[in-house]
Amino acid sequence: MTGPRILTPALGAPAGYGFEMEALARLGAEIVEHAPTEDAFLAEAAGADAIYPKGMKLTARMIAAAPRAKVITCATVGVDYVDVTAATARGIPVTNCPDTFIEEVADHAMMLLLAAHRRCIEQDRCVREGRWAQGRPQLNKVPRLMGSTLGFVAFGRVARLVAKRAAAFGLRMLAHDPYVDELTIAAHGVVPASLDQVLAQSDFVSMHAPDTAETRRMLGAAHFARMKPSAIFINTGRGPTVDEPALVAALAEGRIAGAGLDVFEVEPLPADSPLIGMPHVILSPHNASASARFDEARKRRAGQELALVLSGRWPMSCVNPQVLAASGLLRWQPYAMERGPNS
């Protein structure tokens, strides 16, 4: 009798699955690669006990073609490439890695905040381009960081770690998240607030909302208009949560002072994006989670989630937990799953 078959796309160079197999080997599981096309997936789908999409778009049609699939496992925080609604309708849990590299993302968010605030890139250019004398006058216009206000839009795992870091710099903090209890927000030394209060009072606005139908272009022109002209906008969450042309306009017209962005509406960022030539804007290529442990940690976590479900147990993280009660899987841990891949 063969073990469970896990279907995954072959992306780029031949992949090794040693980290995933640490948890899967005892089940006799086999990871089966297919060409990264829908047709290739459909040709193999009927025999799949689990799906490991690795960023490849997984449609309702593809999910329907895998009647044996017990779990869809994503080695990422976001699951926007999976039709979660279709998976939920079929009773299939969709797992992600919401807490595997959150420390790195929090570090990156704080780095963007500090670098944008102290005009790090522009100060570097002053030295490299022989404009030494221009550096101090520029910073003489920058307010002191201590005592400034940092506002969070969404207060999930990463935002809470950013708050821990920001407290050491003496920042006052506000947060808006209708899905997080006010007492939970307050327990992190952060004042619960409305979205209007966060936008109007903050010197830094840090975006952490997940990419869902509800949050798509959540922040637009009207929201940037409510921010201080001296405010800096930080986004290490998801690019589609922001109306990017509205952000560009706010920056170009001086309605906000700057930005630190790791995510964008279209990725890679197009070469003709106005953001590339803007002063007071720091950009990174959606790599906030990256570190030397990134691949190892997320692949191990994916293997663990696959092994749990394929051995009949609840996963550790599930973005559609409503399917678990009727799944027949054994509940082996306290129910602590959140509403989704909140960054």
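Please treat every number below as a calculation from the coordinates, not as lab data. Since we're looking at a predicted model, the values are computed, not measured. Glycine gets a Cβ as well: all are built from the backbone with ideal geometry, and neighbour counts include every protein chain shown.
Quick one: divide the alpha-carbon radius of gyration of segment 277-333 by 2.2 N^0.38 Å and tell me what you get.
Rg over 2.2 N^0.38 Å, computed on Cα atoms: 1.74.
Give me the log10 of I(q) over I(0) for segment 144-295 at q = 0.09, 0.10, 0.13 Å⁻¹, as the Debye formula computes it from C-alpha points; what are the numbers?
Per q value, in the given order, log10 I(q)/I(0) is -0.26, -0.33, -0.56.
Under the 0.36 nm per residue contour assumption, what length would be gained going from the current alpha-carbon distance of R118 and V191 to full extension?
The span from R118 to V191 would gain 23.8 nm if fully extended.
I'd like to compare 224-235, 245-256: which one has the highest average count of other Cβ atoms within 10 Å, and what's the full order after that?
Answer by packing, highest mean first, reads 224-235, 245-256.
Mind checking which of P210, A64, A307 is farthest towards the positive end of the chain's charge dipole, using Cβ charges of +1 (Lys, Arg) and -1 (Asp, Glu) about the Cα centre?
Going by the charge dipole, the pick is P210.
Output the 0 to 90 degree angle, nearest 10, between the alpha-carbon long axis of helix 102-117 and the longest principal axis computed from the alpha carbons of the chain.
Result, in degrees: 20.
With everything on Cα atoms, drop me the angle between helix 157-167 and the longest principal axis of the chain, reported from 0 to 90° to the nearest 10.
Rounded to the nearest ten degrees, it is 30.
What is the distance, in nm, between label points placed 7 Å from the Cα along the Cα-to-Cβ direction at S311 and at D39?
About 4.0 nm, to one decimal.
Label points 7 Å out from Cα along the Cβ direction at R128 and A46: separation in nm?
For R128 paired with A46, the spin-label model returns 5.8 nm.
If you scale each eigenvalue of the Cα gyration tensor by 5 and take the root, what three semi-axes come out for segment 77-142, rounded to whole angstrom and sorted largest first?
Gyration-tensor ellipsoid for segment 77-142: 46, 11, 9 Å.
For the residue pair T2 and L330, what label-to-label distance in nm results when each label sits 7 Å from Cα along the Cα-to-beta-carbon direction?
2.7
What ranking do Y17, Y52, Y179, Y81 get, fewest neighbouring Cβ atoms within 10 angstrom at the top?
Neighbour counts put them in this order, fewest first: Y179, Y81, Y17, Y52.
Using the Karplus equation 6.51 cos²θ - 1.76 cosθ + 1.60 (θ = phi - 60°), what ³J(HN,Hα) coupling, rounded to whole Hz, does each residue of segment 23-30 give in order, writing x for Gly and Pro?
Karplus-based 3J(HN,Hα) across segment 23-30 equals 8, 8, 4, 5, 8, x, 6, 10 Hz.
Cross-chain or 8 or more residues apart, Cα under 25 Å: how many lysine pairs in the chain fit that? Count them up, please.
Final tally of qualifying lysine pairs is 7.
Please grab the % of Cα pairs in the chain that end up more than 33 Å from each other.
Percentage above 33 Å: 34.
List the pair-distance distribution P(r) of segment 96-198, using every Cα-Cα distance, as the percent of pairs falling in each 10 Å bin from 0 up to the bin containing the longest distance, rounded to whole percents.
Cα pair-distance distribution for segment 96-198, in percent: 14, 38, 28, 15, 5, 0.
Taking 0.36 nm per residue of separation and subtracting the Cα-Cα distance, what length does fully extending S291 through E30 add?
91.1 nm
Please get the size of the charge dipole for the chain, origin at its Cα centre, with Cβ charges of +1 on Lys and Arg and -1 on Asp and Glu, quoted in debye to the nearest 20.
Charge dipole, the chain, about its Cα centre: 800 debye, nearest 20.
Fewest to most neighbouring Cβ within 10 Å: what's the order for M316, M278, M146, M173?
M146, M278, M316, M173
Convex hull over the alpha-carbon atoms of segment 1-105: what's its volume per residue in Å³?
It is 115 Å³ per residue.
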